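Single-structure report; data block below.
Just so you know, all these numbers are worked out from the coordinates, no wet-lab data involved. Since the model is a prediction, treat every value here as computed from it, not as a measurement. With ideal geometry, Cβ positions are generated from the backbone for all residues, glycine too; neighbour counts draw on all protein chains shown.
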Amino acid sequence: MNFAAQSLDAFLDREFKLVIVEILDARGSTPREAGAIMLVSPTDLHGTIGGGQMEHMAIDNARAFLAGVSDTLTMDIPLGPDIGQCCGGRVIIGLRICDDAARADLHRLIEERRNGFPEVWLFGAGHVGRALADALLLLPLKTYAVETRETELAQMSAGAHHRLVAMPEAMVKDVAPGGAIVILTHDHALDFLVAKEALARNDLAYVGMIGSKTKRATFSSWGRREGMSDAELARLTLPIGGTAVPDKRPAVIAALTAAEIITRISNYRVSSHS
């Protein structure tokens, strides 16, 4: 369920006449997986089950169901030339009126999924930190922002969990295993302290730091003097976002870094369960 938490909550508060459209089964090549959900009202919708003609058919049927002119609760759709899609797979779609019981089930499901979201901790709430928080809030992640400066933290998106602390490096231990740490404070010495704590852990999917090749060389030299191993130093992504795109605007760095984070977390989860 890849929609932003606040937007979903607002949608549910606003819309009372709804159909829950869910992919019950996905076989072969399909645009979304089983469990993907879309909410359809008479005039609006939230989420997606993959787009294309398949989704349009589901929306039309859901609205016909709401209007009382259809009683179809299950749709079996082959994704082939007949509907103008070439995925080649097949989906079974279920429809359910969002009555009180269904709404309660939906809220429980949403909460379960949110609780299972990986954590991303941003150490620093400057320009790039704030842009990155905005990018991450669109993804199935829990975002935390750690700062020593109240004025900067106040500008951070309210969708991120705020942590105003005197010693950010002490917060590293609170990051759940499998999560990500992104270091972008206003102080290189503080960056290094946070990175040292983060790299001492081997259960994080991603540790990244804003900077340059020169900063990486400086950190590596400092880290070795601090007793850090080559294996620990190798786990640091610096600079975040890579070097393929030279644009240094905060929103661009944020987009590249968000892609980096979600890829690394996904790969970590796969390897952890294999």
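Numbers below:
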item: Rounded to 5, percent antiparallel among DSSP beta bridges of the chain; result: 50
item: Candidate values [x] 155; [y] 134; [z] 118, label of the one derived for volume of the Cα convex hull per residue in Å³; result: [x]
item: Neighbour-limited loop hits for chymotrypsin sites (Phe, Trp or Tyr not before Pro), the stretch 4-86 (at most 14 other Cβ within 10 Å; DSSP other than H, G, I, E, B); result: Phe16
item: Length-normalised contact order for the chain - Cα pairs under 8 Å, 6+ apart - percent; result: 14
item: Those trypsin sites (Lys or Arg not before Pro) in the stretch 180-274 that DSSP places in a loop and that have at most 11 other beta carbons within 10 Å; result: Lys248
item: Cα gyration tensor category, rounded, prolate or oblate, for the stretch 118-272 with a/c compared to 1.5; result: rounded
item: Computed helical MRE - 222 nm, the chain, DSSP H runs ≥ 4 contributing -39500 (n - 2.57), nearest 500; result: -12000 deg cm²/dmol
item: Segments 148-161, 102-115 sorted - mean Cβ within 10 Å per residue, highest first; result: 148-161, 102-115
item: Per-peptide average of other Cβ atoms within 10 Å, ordering 134-143, 92-101, 40-49 highest first; result: 134-143, 40-49, 92-101
item: Lysines with Cα under 23 Å of Lys213, excluding same-chain neighbours fewer than 8 positions away; result: Lys196, Lys248
